[in-house]
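Asker: The structure under discussion is supplied below as structure tokens; questions concerning it will follow.
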Amino acid sequence: MTIATLDLEGVLIPEIWIAFSEAAGIPELRRTTRDEPNYDKLMRYRLEILSKRGVRLADISKIISTLEPLPGAAEFMDWLRSRTRVVILSDTFEQFAAPLMAKLGYPTLFCHELVIAPDGALSDYRLRMPDQKRRAVEAFKSLNFKVISAGDSYNDLSMLRAADSAVLYRPTDRFAGENPDLPVARDYGDLKREFSKLLEG
């Protein structure tokens, strides 16, 4: 029995923080886990900028509602779900992801939660649990699932390493170079071929 675990941003949907950064004209928010592997440090940086700028959840949600899955993502998800179980493991937040989950056919998503102040400001965040991607994969394996995974960045690495088999999806050259043993998929066609081999193996 197999189960596939996928990262969300950069694999199935655009990077939410980058999209908001560009739409809101706040270039400092373009930083992602590709730039800062320490997730807590990155989130504290983001929350400080939002506070200084007076940004509220409603401001971010308005922009997120205009986003679409990456071209071909919905079709890829349909293809994968017709072949195995699929769980998305993401470091995004429930408040951000909900509109995009509808556009992907409501896949199962494990992620984190924002703490919203009474005035709508983003005051903090709550991790579902530390290193939740790796721990979810380990839990699936303890239930006798063979786990195949795909991710694109540093915050996916513990998930990818815990899985039975893994694929890097459109990683930076640096990240791919640091993990030469992991196959690289440059588009959904590549990812289908890699996953097909893993599912048949």
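Asker: Between Phe110 and Arg53, what FRET efficiency follows from the Cβ-Cβ distance if R0 is 35 Å, with the result rounded to 0.05?
Answerer: After rounding, the FRET efficiency stands at 0.75.
Asker: Would you indicate which of (i) 0.96; (ii) 1.01; (iii) 1.10 is the value of Cα Rg over 2.2 N^0.38 Å derived from the coordinates of this structure?
Answerer: Only one option fits the structure, namely (ii).
Asker: Check cross-link reach from Lys41 to the lysines: straight Cα distance under 26 Å, and skip same-chain residues fewer than eight apart.
Answerer: Lys52, Lys62, Lys133
Asker: Suppose we keep just the DSSP beta bridges with both residues in the chain; what percent of those would be antiparallel, to 5?
Answerer: Taking every DSSP beta bridge with both residues in the chain, the antiparallel ones total about 20 percent.
Asker: While we're looking at this one, here's another question. Take Asp181, Asp35, Asp156 and order them by how many other Cβ atoms sit within 10 Å, fewest up front.
Answerer: Working: Asp181 5, Asp35 11, Asp156 28.
Ordered by Cβ neighbours within 10 Å, fewest first: Asp181, Asp35, Asp156.
No lab work stands behind these numbers, since they all come straight from the coordinates. Since the model is a prediction, treat every value here as computed from it, not as a measurement. Here Cβ is always computed from backbone atoms with ideal geometry, including for glycine, and neighbour counts include all displayed protein chains.
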